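Read through the structure below, which is laid out as structure tokens, and then see the notes.
The values are calculated or read from the model by the stated rules, or taken from the named source; none is laboratory data. The structure displayed is predicted, hence computed values, not measured ones. Note: ideal-geometry Cβ built from the backbone for every residue, glycine included; neighbour counts use all protein chains shown. Calculation scope for accessible area: heavy atoms of the full protein, side chains included, ligands and nucleic acids excluded. Shrake-Rupley method; radii C 1.70, N 1.55, O 1.52, S 1.80 Å.
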Protein chains: 2
Amino acid sequence: MCESNVYMLGANGDKSLIMESVDKIIPGEKDIYLENIFGERKTVKGHIKEMALVDHSIILAE
Amino acid sequence: MCESNVYMLGANGDKSLIMESVDKIIPGEKDIYLENIFGERKTVKGHIKEMALVDHSIILAE
């Protein structure tokens, strides 16, 4: 499966895991909708900073 | 491998393929940097509209 883990980049440069195994991502005006393969859904404030799909990593920042 | 195909959504709702097998995606202010597993790089105008990673699909819009 090709889902990714989504992390939030902190002010001090550390990454905290927001959601695992994310399938669907829909960026909004100031937030991002996430849905994983288990059907969990979450909307978080922020924007996409970078994605490395082969590494299964998506990094958000506020 | 878990790269995705990146499409641009047209005004009439059709999707045109921008780049295949994309690994890295870095959104900018008004454009998006794409890099695929073959080392090809491209910067296109637009923003991420939605992503469905399990379907290997990332849709951009201008």
Tell me, Kirkwood radius of chain B from alpha-carbon pair distances, in Å?
-> 11.5 Å
Counting only heavy atoms of the protein chains, get the accessible area per residue of chain B (1.4 Å probe) and round it to a whole Å² value.
-> 57 Å²
Find the chain A residue whose Cβ sits closest to the rotation axis that carries A onto B, and give that distance in whole Å.
-> A:2, 2
Quick one: which residues, 5+ away or cross-chain, put their amide H under 5 Å from the amide H of residue B:56? H built at 1.01 Å from N.
-> none
The protein assembly as shown, dipole about Cα centre (Lys/Arg Cβ +1, Asp/Glu Cβ -1), debye to the nearest 20 = 280 debye
Sequence-distant residues sharing a close amide H with residue B:46 (under 5 Å, placed H) = B:31, B:32
Ignore the peptide's own chain and count Cβ atoms of other chains within 10 Å of each Cβ in B:53-61; give me the average, rounded.
-> 4
Calc'd 3J(HN,Hα), the stretch B:42-49, phi into Karplus 6.51 cos²θ - 1.76 cosθ + 1.60 (θ = phi - 60°), Hz, glycine/Pro = x, comes to 7, 10, 10, 5, x, 9, 6, 8
Once you've got the Cα coordinates, tell me which of A:45/B:49; A:42/B:15; A:15/B:15; A:49/B:49; A:42/B:42; A:42/B:49 are over 24 Å apart.
-> A:42/B:15; A:15/B:15; A:42/B:42
Where the centre of each part is set by its Cα atoms, how far does chain A sit from the stretch B:19-55, in angstrom?
-> 15 Å
What would the Debye formula give as log10 I(q)/I(0) at q = 0.13, 0.17, 0.22 Å⁻¹ for the alpha-carbon point model of the protein assembly as shown, no solvent?
-> -0.46, -0.81, -1.38
Hey, what do the phi angles of the stretch A:53-62 turn into as Karplus ³J(HN,Hα) couplings, whole Hz, using 6.51/-1.76/1.60 and θ = phi - 60°, x for Gly and Pro?
-> 5, 5, 8, 6, 10, 10, 10, 9, 9, 8
Just need the relative contact order of the stretch A:7-59 here, percent rounded to a whole number, with Cα pairs under 8 Å and 6+ apart.
-> 26 percent
Rank B:17, A:38, B:2 by how far each Cα sits towards the positive end of the charge dipole of the protein assembly as shown (+1 on Lys, Arg Cβ; -1 on Asp, Glu Cβ) and give me just the farthest.
-> B:17
